[in-house]
Amino acid sequence: MKKLVAFDLDGTLAESKQPLQEPMGEALADLLDVANVAVISGGDWPQFEKQVASRLPARADVTKLWLMPTTGTKLYRFEAGRWHAIYAELFDDAEKTKILESFDAALAATGFTPERTWGERIEDRGSQITFSALGQEAPLEAKEKWDPDFAKRKVIQADLRQRLPELSINMGGATSIDITQKGVDKAYGLKKLRDASDIALDEMMFIGDAIFPGGNDYPAKELGLDTVRVKDPEGTLAAIAGIVACLK
């Protein structure tokens with residue numbers, strides 16, 4: 001019997017950087033009636049608040065919800081009437097400088113410079129540095145067309161891994177590459193979740209759209225969790241409905 005269902009966010013629960021749609025909020029509320037729920041993704045807390053926390057119906061039991069920004073290097077819980085951080089693991093200034101310089105060098109070397117960008121392309125999330133190829137404010141339509149098969153980002157990822165062998169570099173969302181401390185990936189975050197929740201890994205399952213080698217959801221499968229790969233939020237809705245029916 002599974003006690004916790006963990007989800008990726010962008011491409012799984014919602015379109016890239018978009019709020020949960022009402023049917024997804026209702027589906028998660030149904031799931032929270034029968035299990036703990038975790039969301040682990042590369043975005044920082046403000047993005048989680050916008051996409052998830054503020055989009056759940058009033059009936060949702062958020063005391064059973066575990067929100068894990070920046071690939072699990074931060075954990076937020078709802079206690080005493082508000083969301084607050086349980087922990088946060090941050091880069092130091094020297095590490096940040098090296099990462100930013102490496103991004104510039106990798107992009108120059110690989111030649112993946114889009115004709116147009118929307119907003120900043122690199123975001124410092126404290127415990128994670130994230131590159132968004134088209135910029136943080138790029139429209140969904142443009143993002144979906146830029147690298148649908150991850151091929152462009154695999155080239156950039158390979159270059160960055162040569163420059164930053166001491167760090168973890170994974171693809172996420174529609175156009176992003178996330179850099180964290182070595183060993184920090186969704187497996188790392190899920191182990192942190194195990195320790196914080198006292199729920200064993202074999203009592204968890206994971207649902208995501210990037211459960212393939214090089215995808216930032218794949219570490220959950222390598223960790224040994226039961227996983228469900230979905231194509232989009234519509235597939236996630238179907239998966240949740242089946243899980244709720246089984247757990248009831």
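Any residue at all in the stretch 4-17 that's in a loop (DSSP other than H, G, I, E, B), closer than 27 Å to residue 238 by Cα and of a type in the set (Lys, Arg)?
Yes, the stretch 4-17 contains a residue that is in a loop (DSSP other than H, G, I, E, B), closer than 27 Å to residue 238 by Cα and of a type in the set (Lys, Arg).
Evaluate the following for residue 67: is it in contact with a helix residue (DSSP H, G or I) (Cβ under 8 Å, 6 or more places away or on another chain) and part of a helix (DSSP H, G or I)?
The answer is no for residue 67.
Residue check: is residue 85 out of contact with any Gly (no Cβ under 7 Å at 6 or more places or on another chain), crowded, with 18+ Cβ neighbours inside 10 Å, not in a helix (DSSP H, G or I) and not β-branched (Val, Ile, Thr)?
no
Check whether at least one residue in the stretch 102-124 is in the same structural domain as residue 13 (by TED's automatic domain parsing), of a type in the set (Phe, Trp, Tyr) and closer than 26 Å to residue 219 by Cα, and report yes or no. Outline the logic, then answer.
Pass one, the stretch 102-124, residues in the same structural domain as residue 13 (by TED's automatic domain parsing): none.
No; the residues of the stretch 102-124 include none that is in the same structural domain as residue 13 (by TED's automatic domain parsing), of a type in the set (Phe, Trp, Tyr) and closer than 26 Å to residue 219 by Cα.
Pick out the one residue from 95, 144, 101 that is loosely packed, with under 13 Cβ neighbours inside 10 Å and in a helix (DSSP H, G or I). Steps first, answer last, please.
Values: 95 fails: loosely packed, with under 13 Cβ neighbours inside 10 Å; 144 fails: loosely packed, with under 13 Cβ neighbours inside 10 Å.
None of the other options fit; the residue is 101.
Here is a yes/no grid of residues against (1) outside the structural domain of residue 20 (by TED's automatic domain parsing); (2) of a type in the set (Val, Ile, Thr); (3) in contact with a Lys or Arg (Cβ under 6 Å, 6 or more places away or on another chain):
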| site | (1), (2), (3) |
| --- | --- |
| 169 | yes, yes, yes |
| 175 | yes, yes, yes |
| 188 | no, no, no |
| 205 | no, no, yes |
| 210 | no, no, no |
| 218 | no, no, no |
| 233 | no, no, no |
| 238 | no, no, no |
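The values are calculated or read from the model by the stated rules, or taken from the named source; none is laboratory data. The shown structure was predicted, so the numbers you read here are calculated from the model rather than taken from an experiment. Please note: Cβ atoms are built from the backbone with ideal geometry, for glycine as well, and neighbour counts cover all protein chains shown.
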